[in-house]
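The values are calculated or read from the model by the stated rules, or taken from the named source; none is laboratory data. On a predicted model such as this, the values are computed, not experimentally measured, just so you know. Quick reminder, even Gly has a Cβ in these numbers, built from the backbone with ideal geometry, and neighbours come from all protein chains shown. Ligands, DNA and RNA are stripped out before the accessible areas are found, and what is left, the full protein with its side chains, is counted by its heavy atoms. Shrake-Rupley method; radii C 1.70, N 1.55, O 1.52, S 1.80 Å.
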Amino acid sequence: QDEKGNISFILCEWAQQLHQLHSSHHLILVARTPEQLDAELTASGYLGMVELPLPSAEDLSEALLEKSPCLPQNRATLIGRALSGLSYIHALKADLGASITELRAHKKEALSEQYSGLLEVLEPNYGLDVMVLPIELTQYLRHVLKSMAAGDYGEVPAGIVLMGPPGTGKSLLAQCLC
């Protein structure tokens, strides 16, 4: 038992004795990634894996409305968008009366806490509107950004390579895509 009162069970020894599993036993393991679980256990075929993605902006808006029914719909949508990328736990801790700047600060702090400082949240200074690009390229990049925002990752390329000589705006375009 730790200082917070949580009880931890060590499953390593149990996981090595897979023959103890019977149809009457049910176990739910919670992990951030499959790599955190014992390899023999995950390869055994006894477990089904379920991945739970982070909630979308719309999901967060609905959760906020359930938590605070008096919250106006448009405010819930605004907060949901500002806090997208956070877990329900971190998003629902936000002050619903806070400004967008304060909500972004809350998001930055929550992500820093969640990822132990390994992730840096950058606020873009520019948007695609400051770039002078061919129309086809602008349309393509807007489509990619909309697909990412909607969570339609099948439409999002695995990467985008920006090539060109120095001074052509590669870094500025990367910042605009943020």
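Brief remarks follow.
- Taken over the stretch 95-115, the criterion of being at pLDDT below 85 and either open to solvent by 100 Å² or more (accessible area, probe 1.4 Å) or under 13 Å from residue 60 (Cα atoms) (or both) is satisfied by 113 alone.
- Taken as a whole, the condition of being under 23 Å from the mean Cα position of the chain (by Cα), surrounded by fewer than 11 Cβ atoms within 10 Å (Cβ to Cβ) and closer than 24 Å to residue 54 by Cβ applies to residue 159.
- Pair list, Cβ under 7 Å, 6 or more apart: the stretch 163-174 residue closer than 11 Å to residue 126 by Cβ, other residue of a type in the set (S, T, N, Q) and open to solvent by 90 Å² or more (accessible area, probe 1.4 Å): none
- Residue among 105, 110, 98, 91 that alone is under 18 Å from the mean Cα position of the chain (by Cα) and over 24 Å from residue 53 (Cβ atoms): 105
- Among the residues listed as 119, 128, 137, 92, the single one being within 24 Å of residue 61 (Cα to Cα) and not small (Gly, Ala, Ser): 92
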